[in-house]
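Some notes on the structure that comes next.
The values are calculated or read from the model by the stated rules, or taken from the named source; none is laboratory data. Since the structure is predicted, the reported quantities are computational estimates derived from the model, not experimental observations. Don't worry about glycine lacking a Cβ; one is built from the backbone with ideal geometry, like all the others, and counts go over all protein chains shown.
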Amino acid sequence: MNNLIKLIILTSVCLLASCQDNKTQPTEEEMKNAQFMGRIESVKEKYEKVLALPKVNKSATTRAGALSKVVPVWEEAYNVEHMNQHIVVVPMKPEEEIKARLRLLFNGELTTHHTQAISKLILRQFGEFMRADVITYLPEEEYAKNHSQFFDTMYDAYKIRFNGVTLISSLNGNIQRAFLYKNGRLVSKMEPRGNKNDGYVQAIDTTKKQSSKKKVAIEVDLYKQSEEAKYRK
């Protein structure tokens, strides 16, 4: 009888120890999630330090004030593996939805698109240095109608066969570069020019021969949804 009691006690202890081991050993998925959340907290802290610095990039020729009104939604952040690099992408939401009127000159044809401006905070780690940029996607109208499922998780224009323009801006809203994509392929790199007003962007591809058929240029007006009637005239 004593041996039976000892066996029961020993079995109970072993089962208890096994349960405790299972509780203290997270799964591989849980470990990945924990690492990702740690990375998010780290970049969030660095991002807030950057915002606390004096305004930079004041020499930029174009400023889109509308883009400085969007804020990152950290709880919706996601991780992207791109060219062997870990990139944190954080969706950015404005106080009021931002729209865009996109005039696009390409292959001798001028088209106008009324579309949504979708901004993402892109965080890349280079050793101890973190680079933070805002990418704003301006999809062509037809693309926006048929591919809205990509808007929440978009990053790589090639993978989603993106048609439209992306604007690269600093954290304080200065637009530094513009890129034109056709079916996910980068067809033009453009330099912002001019300064009509806050929320206006004009860019031209200075690498192309400036004949009527080769010229590539964009003109973008960013505006709040409540101002849409003014820009659709």
### Query
Going through the stretch 149-166 one residue at a time, which ones are of a type outside the set (D, E, K, R) and over 22 Å from PRO72 (Cα atoms)?
TYR158, ILE160, PHE162, ASN163, GLY164
### Single match in TYR143, TYR181, TYR200, TYR137 (criterion: modelled with pLDDT under 85 and touching a Gly at 6+ places or on another chain (Cβ under 8 Å))
TYR200
### Task
Report, by residue number, each residue of the stretch 130-160 that is over 16 Å from ARG185 (Cα atoms), of a type in the set (A, V, I, L, M) and touching a Phe, Trp or Tyr at 6+ places or on another chain (Cβ under 9 Å).
MET130, ALA132, ILE135, ALA144
### Query
Does ALA60 count as more than 22 Å from TYR143 (Cα to Cα), of a type outside the set (Ser, Thr, Tyr) and at pLDDT below 65?
yes
### Query
Restricting attention to the stretch 129-163, and to residues there that are within 17 Å of TYR47 (Cβ to Cβ) and surrounded by fewer than 19 Cβ atoms within 10 Å (Cβ to Cβ), which single residue is nearest to the chain's Cα centre (by Cα)?
ASP133
### Query
Where in the stretch 118-205 are there strands (runs of 3 or more DSSP E), lying fully within it, with 1 or more residues that are free of Cβ contacts under 8 Å to residues at least 12 places away in the same chain?
118-126, 129-139
### Message
Residue pairs, Cβ under 8 Å, 6 or more apart or interchain, first in the stretch 73-100 and in a loop (DSSP other than H, G, I, E, B), second loosely packed, with under 12 Cβ neighbours inside 10 Å. List them.
### Response
GLU96/GLN225; GLU96/SER226; GLU97/GLN225
## Note on the structure
Counting only residues in the stretch 70-88 that are modelled with pLDDT of 85 or more and surrounded by 20 or more Cβ atoms within 10 Å (Cβ to Cβ), the one nearest to ARG131 (Cα to Cα) is identified as VAL88
